[in-house]
Structure formats: C-alpha cells, structure tokens
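Read the structure below first, then the notes.
Any read-out appearing in this document is the output of simple, stated calculations on the displayed coordinates, not a laboratory observation. Computed from a predicted structure; not experimentally measured. Note that we place each Cβ from the backbone using ideal geometry, even for glycine, and neighbour counts take in every protein chain shown.
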Ligand code: GYE
C-alpha cells in the first residue's frame, strides 16, 4: 500500500486510501456531529481507512498527531485545526513528504500554498447574522456579556469580529468577555463568574459563540434565580438539537446555524486531490438562522 490508489472506481484493486484525521477533540454537540459525519464519509465502504486522532483541544498534541501521520506515510491528512496559528512547520513537512492536506471546519493563518483545500463555514458571517439580530432587538441600553470559543480558534476570532461590527453604534455595550472553551462546563463556570461580578440584574444579554456554552449559561442563570430567555436573553451559534430545544423552550432567543456535516465534501476533496484534479481552495457551506418559530418547525427533522 505504498502508492495512493484513490477510489479504484468502486473497488477494482480493493486498495483503501489511508487518511489521517486530526480532530480538535470532543468539546461540543457540534463536534460529535462533525466526527460522526467524518466517520461515515471516510468509511471502508467508500474506499477509506481512517486513522482518527482526537487532540482534546491541545494544539501541541494536534500538531504531534499530524507529524505522526506523516511518519506513518498516510495517503492524505485531514485537519480540523484547533487554533489558527502555529501550522507553518508541520504543513511544510507534509508538503515535503508529498502528503496532501485538506482542512475541514476551522481555518489556519498559514499560507494557503501549504494545504490543498479547505471546506468549512463563514464564521464571520455567522457572527454578523447574530449581531444583526441583536442590533434589531436591543434598541435600549443593553449590558452584554460574551462567552468566547477556544482562544485563538478561527470561529472564536471571526464570530467576535462579525458580531462586534454588526452592533457598532447600537446601545449594546459589551461589559465582559471570556473564553468558555466551547464547552458546556466552561460556559457555565464563566457565566457564574459574570453573575457574581455584575449581578443578574446587571446583565441583559449573553452572546455565546456556541450552543453548548449557552446551555451551560442557562444552568448558571437558573441557579442564580433568574429566568434565561426572559430576564437575560441568549444568542448562540450552531443549532444542534439541544440548542434548538432550548430555543423552542424559550430559554435561548436566537440561534445562527453552523453546519457540522462536512464529511462528504471533505472525502470528495481527498479523492479529487489524490486523483490530481484541480480543486477549489475554499468551499463554504451555507448557514441559516432560527428564531423560536423557525426552530419549532425545524426541530423534528434535525438529525444532530
Ligand atoms: O461552533 C463549536 C465547536 O469549529 C465551527 O467548534 C466549529 C466550532 C463549533 O466546538 O461548537
């Protein structure tokens, strides 16, 4: 199995394409759905042998995993990069070893010459959509706190930038902002800190960079004796089932979607690149947004 034998047109030679996949970790409902989508798309049935690594949100561990894929001589590498920076060396090593790299989900700051292709979402637009809704709703002075995603990650950076630009010139004031690492526990404990510091009465709005942190914030707000979705409004991003349920229940007020089902697109890119085909450098999957009525309509068919 020393030569990449992509596809084989439905399995002539029976040779599988070996793909090393460096996943961020298992921080959220979004991530579980993304991992499942990748496992399904990179199945043996589809001609792949997937070597899965979960880095538990440790950037150094993720780079080490990619390095070990290079040493194993996999046919291709797929990365969901935890953070944007720090990729130049290992991507250069992959290129020197002639192993193509496809990025899925998050982006990197390294030169795009160092990877074949990226498929993911427009995180800045997601933040902008969330901010535009907030700008429409909150026309009186509003104290907002922000639960940021993992520090240095593309979605945390871009969702902050998109939102901030959209609320410029509005009476919404960001009084506090801290990372909850995209986890439910993280969102809960950061929100507990905000509530202690500002009091439930001092906070009108929570902007959480993902559903899980918003769900953690709901627990903290209820424990403080306030009503999430009423006393303190909540906007999140992802639209996974648990988030959508909370929106239907009135505990979250607005969710911007982030589609985790990127497996098929990533698998097609891997095959195309190994076949020597020209592929687009970036593929952006479209997202929508949900208020309570839209969530009620969408929830029964939500698969993740
Ligand atoms: O929004 C969050 C996950 O990178 C888009 O990572 C992804 C984000 C997603 O942990 O829930």
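Pull out the extension gain between residue 109 and residue 282, defined as 0.36 nm times the separation in residues minus the alpha carbon to alpha carbon distance; nm, one decimal. Intermediate results must be reported in sequence, preceding the final value.
Values: separation 173, 0.36 × 173 = 62.28 nm, distance 1.38 nm.
In short, 60.9 nm is gained.
Pop the C-beta distance of residue 136 and residue 219 into the FRET formula with R0 = 30 Å and round what comes out to the nearest 0.05. Kindly include the intermediate steps, with their values, before the conclusion.
Values: r = 28 Å, r/R0 = 0.92.
About 0.60, to the nearest 0.05.
Treating the angle as unsigned and between 0 and 90°, give the value, to the nearest 10°, between the Cα long axis of helix 59-72 and the longest Cα principal axis of the chain.
With rounding to tens, the tilt is 10 degrees.
Can you give the extra length, in nm with one decimal, that the chain gains between residue 298 and residue 125 once fully stretched, where that is 0.36 nm per residue apart less the Cα-Cα distance? List each step's numbers first, then the result.
Details: separation 173, 0.36 × 173 = 62.28 nm, distance 2.12 nm.
Result for the pair: 60.2 nm of gain on full extension.
Quick check on the chain: helices-only [θ] at 222 nm, where DSSP H runs of length 4 and up contribute -39,500 (n - 2.57) each and the sum goes over total residues. Nearest 500, please.
Working: 11 runs with 124 residues, N = 304.
The helix-only estimate for the chain comes to -12500 deg cm²/dmol at 222 nm.
Relative to the longest principal Cα axis of the chain, at what angle does helix 211-223 sit, 0 to 90 degrees, rounded to 10?
In the chain, helix 211-223 runs at an angle near 30 degrees to the longest axis.
For the range 64-204, with equal point scatterers placed on the C-alpha atoms only and solvent neglected, what are the log10 I(q)/I(0) values from the Debye formula at q = 0.13 1/Å, to two decimals?
-0.68
Can you tell me the mean projection area, over all orientations, of the convex hull of the chain's alpha carbons? Units nm², please. Numbers along the way, then the final one.
Numbers: hull surface 62.5 nm².
That works out to 15.6 nm².
For the pair residue 26 and residue 58, how long in nm is the line joining their label points, each one 7 Å along Cα→Cβ?
1.6 nm
Between residue 268 and residue 151, with labels modelled 7 Å along Cα→Cβ, what's the label distance in nm to one decimal, could you check?
Roughly 3.9 nm, to one decimal.
Want the number for residue 176 to residue 71: 0.36 nm per residue separation, take away the alpha-carbon distance, what's left?
33.4 nm
Run the simple label-point estimate for residue 226 and residue 95 please: 7 Å along Cα→C-beta, distance reported in nm.
Taking the two extended label points, one gets 4.9 nm.
With a cut-off of 8 Å between alpha carbons and a minimum separation of six or more residues, what is the relative contact order of the range 1-155 in percent?
Dividing the mean separation by the residue count of the range 1-155 yields 20 percent.
Sequence gap at least 6, Cα distance under 8 Å: using those rules, report the relative contact order of the range 24-72 to the nearest whole percent.
Computed value for the range 24-72: 41 percent relative contact order.
Across the range 242-304, what fraction of all alpha-carbon pairs, as a whole percent, falls in each successive 5 Å bin from zero upward?
Per 5 Å bin, starting at zero, the Cα-Cα P(r) for the range 242-304 comes out as 3, 16, 21, 16, 10, 10, 9, 8, 5, 1, 0 percent.
Just want to confirm a number: the relative contact order over the chain, from Cα pairs under 8 angstrom separated by 6+ residues, in percent. Before the final figure, lay out each step's value.
Details: 679 pairs, mean separation 54.7, N = 304.
For the chain, the relative contact order is 18 percent.
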